[in-house]
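To start, the structure under review is shown below, and the notes come after it.
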Amino acid sequence: MLTRRDFLVGGSAAAAAYAAGSWMPLFAQNAPNFGAPTPAVVGHRRMKLGDMEIIAVNDGVLRRPLGEEFVRNAPLAQVKELLSAQKLPTDYIDVPFTAFVVVAGNRRILMDTGFADNGPPTTGRLVQNLAAAGLKPEDIDTVLISHFHGDHILGLRSKAGQLTFPRARIMVPAPEHAFWMDDARMNAAPEAQRGAFQVVRRTFGGLSDQQLVRFEPGTEVAPGIQSMAAFGHTPGHTLFTARSGGQSFIYAADCTNVPELFARSPDWAVVFDMNPDEARATRRRVFDMIVRDRMIAGGFHFPFPAFGTIANLGNGYNFTPVA
């Protein structure tokens, strides 16, 4: 089993996938043979949670061909069979990107960021969908980052380097920050993988101590919002729960990519999981908690509107989006 020290230096496929210039094709390049993905007609959805409001805000969607590499420990034929049983395409996967805003009193707290103008043309829609929901980038006072993969952090800055959310305090998991900002680890990594470290440095470099705040997973990051360690997808992958009025919501980030596959078959490993064994154990632990506590669950890659309910189904789980 990989240790955290081994995540990149050991040459994992996931680390290579997120190296600059190489992780984008693994997500998708909207292969013309399969047509372009259809963006959400309305790119935001609201939900009341006690005295809070949760707003799902879509950043776009990508379409990637489905190949042997996507599920690392299951035959492609078996993967396609599961998709076909749900009446879904079997030649490609649509990967949506949805961040969440928690509105609590005068607080506007964004969870993850999407791509801004750093990604393919069917992404980078977060700001315009925020506007459709009545929010400006200046309204965001806090950005919570679940982990440092590019699709979750690139939206913090434009290509020109300007901060997208200029008034926001950016809060990041301390173990995730320590991993990616370790110069010795970056220098020891294969050259093709160093781009992932450089993307992190470009994104977070130059931020003051007031702008960038590191927190320990498991601590409260804002009133009513708790962080939760969910390591495996990355070394410091962290989820967030919001509770108000006897109701609870969990932002499950990348605990599962494509719930039609990895919720239904939680022991499968997606190519982007940096420690597959730890990620599988985390996925079952988190999903069992969601079912037990009857939480509303939102995921960065869940089909839009990206939040709904999770129930046991056979040896796995089923995600049902809100109507």
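The values are calculated or read from the model by the stated rules, or taken from the named source; none is laboratory data. Model, not experiment: these values are computed from the prediction. With ideal geometry, Cβ positions are generated from the backbone for all residues, glycine too; neighbour counts draw on all protein chains shown.
For first residues located in region 282-298 and assigned to a helix (DSSP H, G or I), partners that are of a type in the set (Ser, Thr, Tyr) and surrounded by 15 or more Cβ atoms within 10 Å (Cβ to Cβ) and lie 6+ apart or on another chain with Cβ distances below 6 Å form the pairs Arg283/Thr256; Phe287/Tyr317.
Going residue by residue through region 291-300, is there one that turns out to be at positive phi and of a type outside the set (A, V, I, L, M)? Within region 291-300 (the criterion being at positive phi and of a type outside the set (A, V, I, L, M)), the answer is yes, since at least one residue qualifies.
Looking at region 254-277, is at least one residue under 19 Å from Ile55 (Cα atoms) and crowded, with 24+ Cβ neighbours inside 10 Å?
Restricting attention to region 254-277, the residues satisfying the condition of being under 19 Å from Ile55 (Cα atoms) are 254.
Checking which are crowded, with 24+ Cβ neighbours inside 10 Å leaves us with 254.
Yes: one or more hits.
With polar (S, T, N, Q), touching a residue at least 12 places away in the same chain (Cβ under 8 Å) and in contact with a helix residue (DSSP H, G or I) (Cβ under 8 Å, 6 or more places away or on another chain) as the only criterion, which of Ser248, Ser244 stands out? From the options Ser248, Ser244, the qualifying one is Ser248. Here Phe100 passes the criteria (1) surrounded by fewer than 23 Cβ atoms within 10 Å (Cβ to Cβ); (2) within 18 Å of the chain's Cα centre (by Cα) except the one numbered (1). Do you know which residues across region 54-93 are surrounded by 13 or more Cβ atoms within 10 Å (Cβ to Cβ) and of a type in the set (S, T, N, Q)? Matches in region 54-93: Asn58, Thr90. Please go through region 198-211 and pick out each residue that is hydrophobic (A, V, I, L, M, F, W, C) and surrounded by 18 or more Cβ atoms within 10 Å (Cβ to Cβ). Passing the criteria: Val199, Val200, Phe204.
Check region 266-281 and report whether any residue there is polar (S, T, N, Q), within 14 Å of Phe300 (Cα to Cα) and either free of Cβ contacts under 8 Å to residues at least 40 places away in the same chain or not in a helix (DSSP H, G or I) (or both). No, region 266-281 has no match at all. When Ala160 is tested against (1) surrounded by 15 or more Cβ atoms within 10 Å (Cβ to Cβ); (2) among the hydrophobic types (A, V, I, L, M, F, W, C); (3) under 27 Å from Pro137 (Cβ atoms), just one condition goes unmet, and that condition is (1). For region 231-257, a residue qualifies if it is modelled with pLDDT of 95 or more, in a loop (DSSP other than H, G, I, E, B), in contact with a strand residue (DSSP E or B) (Cβ under 7 Å, 6 or more places away or on another chain) and closer than 15 Å to Ala297 by Cα, and the qualifying residues are Ala252, Ala253, Cys255. Taking region 171-197 as the range and being loosely packed, with under 14 Cβ neighbours inside 10 Å and out of contact with any Gly (no Cβ under 9 Å at 6 or more places or on another chain) as the test, the residues that pass are Asp183, Ala184, Asn187, Ala188, Glu191.
Pick from Ile296, Ile225: which is buried (at least 22 other Cβ atoms within 10 Å of the Cβ), among the β-branched types (Val, Ile, Thr), under 18 Å from Ser146 (Cβ atoms) and over 13 Å from the mean Cα position of the chain (by Cα)?
Ile225
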